[in-house]
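Peer 1: So that we are looking at the same thing, I have put the structure below in structure tokens.
The values are calculated or read from the model by the stated rules, or taken from the named source; none is laboratory data. All values reported here derive from a predicted model rather than from experimental measurement. With ideal geometry, Cβ positions are generated from the backbone for all residues, glycine too; neighbour counts draw on all protein chains shown. Surface accessibility is based on the protein's heavy atoms, side chains included, excluding ligands, DNA and RNA. Shrake-Rupley method; radii C 1.70, N 1.55, O 1.52, S 1.80 Å.
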Amino acid sequence: MQRLFWRFFLVFWATLLMAIMLVRLTFVWQDDVHMRPPGFTMQPPHAELNMPPERMPPPFWRRPWLHLLLLLSASIVFSWLLARYIARPVQQLKQALAGLASNKWQTQLGPELTARRDEFGSLSTNFNKMAAQAAEAIASQRRLLHDVSHELRSPLARIQILSGLAGQSPADAELMITKIEQEVTKLDLLVAKILTFSKLEDGTAEPEHIDVDLADLVESICEDARLEASASQKSLWLQLSPVASIKGDPSLLYSAIENVIRNAVKYTPAYSEVSVSLQQHGQQLSLQVCDQGPGVPEQHLDRLFTPFFRAHSSHNGIGLGLSIAKRVIETCGGTITVNNIVHNGAIAGFKVVITFTVSSLSVQ
């Protein structure tokens, strides 16, 4: 049973028990020696046997009107306490809900309610969590709208400038048109990523759930990334172990894992390497991507999956890659974690770990 139920039960039961005891003391009256006056002696045998015994009036504290007054007073006090016990938190909850209805998303109930150990305390705690999540969702939407507007404005502004330069200098028109095409391509890529993120975020995307050979997929991604790494005097090392298949969407998984590996190649310095390892332990399949780059400040690790967040503003990118990767991997039933690689107390690289539960134990 719930605590609140038992509190009501005990209050009503105590009131009823008190009423029964008072009624008994008032109306169930038996004669005994304590009711007889001082000096009272038994009548001799020859006395009138038909005379009823004399009854003395009850003492003051056993008078019926006093019992009724006490019962009435007790019922008023208990009723007031019970009404206050219920009405006060309900009134506070009503005011808090009115605050949310007025777009005051920072509304929180105080410890007077949340510290209670009954249903009102649990309800207040859940209300505070709901209000905090709603406030964070509203703030996230506003940040997302601001970031999208900013990211769209930059290529559009460059296109506008290039168009003006092309009109002023016909000799450079061909070069300007080429740059405009590059900006349009970037803009198209940005819009595509925003649409992908939006579909994954609101659940409207309908990813496939078919068997995926992750080893082949990772190997294909690494072949392309190795060419990019070689062009920047970097190397990519791949270790593949026989693994079972997983359930997921091949195209979305390819895009998510490619983004993780290409990020590692981009941030690792020249003449260093990126290591990619795919292994299976029981029913857990683990993909690790490690680089030797500068890592990420500890205070920014929790924000890496936030849309449009960039830990290194000096690098190109829109900050959607890891956000999309996280949602794709979670859609396929996996998890993704990020950590710095620390050596001798200093950051020596960055590591991304992606984990899946295999769909079968059959090894490819």
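Peer 1: Note down the accessible area of TRP105, probe 1.4 Å, to the nearest 10 Å².
Peer 2: Surface open to solvent at TRP105 totals about 70 Å².
Peer 1: Heavy atoms only, 1.4 Å probe, whole protein assembly: order GLU136, GLU258 by accessible area, highest first. Mind dumping the intermediate values first?
Peer 2: Values: GLU136 100, GLU258 50 Å².
The ranking, largest first, comes out as GLU136, GLU258.
Peer 1: So for LEU253, LEU156, LEU71, what's the accessible-area order with a 1.4 Å probe, most first? Write out the running numbers ahead of the final one.
Peer 2: On the way: LEU253 0, LEU156 95, LEU71 50 Å².
Final ranking, largest accessible area leading: LEU156, LEU71, LEU253.
Peer 1: Just the accessible area for THR107, please: 1.4 Å probe, Å², rounded to the nearest 10?
Peer 2: Estimated to the nearest 10 Å², THR107 gives 30 Å².
Peer 1: Over all distinct Cα pairs, what is the inverse of the mean 1/r for the range 73-229, reported as the Kirkwood hydrodynamic radius in Å? Spell out each step's value before the answer.
Peer 2: On the way: mean 1/r = 0.0451 Å⁻¹.
Final number for the Kirkwood radius of the range 73-229 is 22.2 Å.
Peer 1: Using modelled backbone amide H atoms (1.01 Å from N, in-plane), which distant-in-sequence or interchain residues come within less than 5 Å of LEU236's amide H?
Peer 2: Counting only residues 5 or more places away or on other chains, the set is VAL274.
Peer 1: Which loop-located trypsin sites (Lys or Arg not before Pro) does the range 72-125 contain, where loop means any DSSP state but H, G, I, E or B and the Cβ has at most 14 other Cβ atoms within 10 Å? It would help to have the intermediate numbers written out before the result.
Peer 2: Numbers: sites: ARG84, LYS94, LYS104, ARG116, ARG117; in loops: LYS104, ARG116, ARG117.
Answer by residue number: LYS104, ARG117.
Peer 1: Another one. Treating only the Cβ of Lys, Arg, Asp and Glu as charged (+1, +1, -1, -1), what charge dipole size does the range 113-155 show about its Cα centre? Round to the nearest 20 debye.
Peer 2: Working: 6 positive and 5 negative charges, 17 e Å.
Result for the range 113-155 is approximately 80 debye, rounded to the nearest 20.
Peer 1: Want the number for ALA74 to SER241: 0.36 nm per residue separation, take away the alpha-carbon distance, what's left?
Peer 2: Extra length available between ALA74 and SER241 comes to 52.3 nm.
Peer 1: Check SER241: other-chain or 5+ apart residues with amide H under 5 Å from its amide H, H built from backbone geometry?
Peer 2: Result for SER241 returns LEU278.
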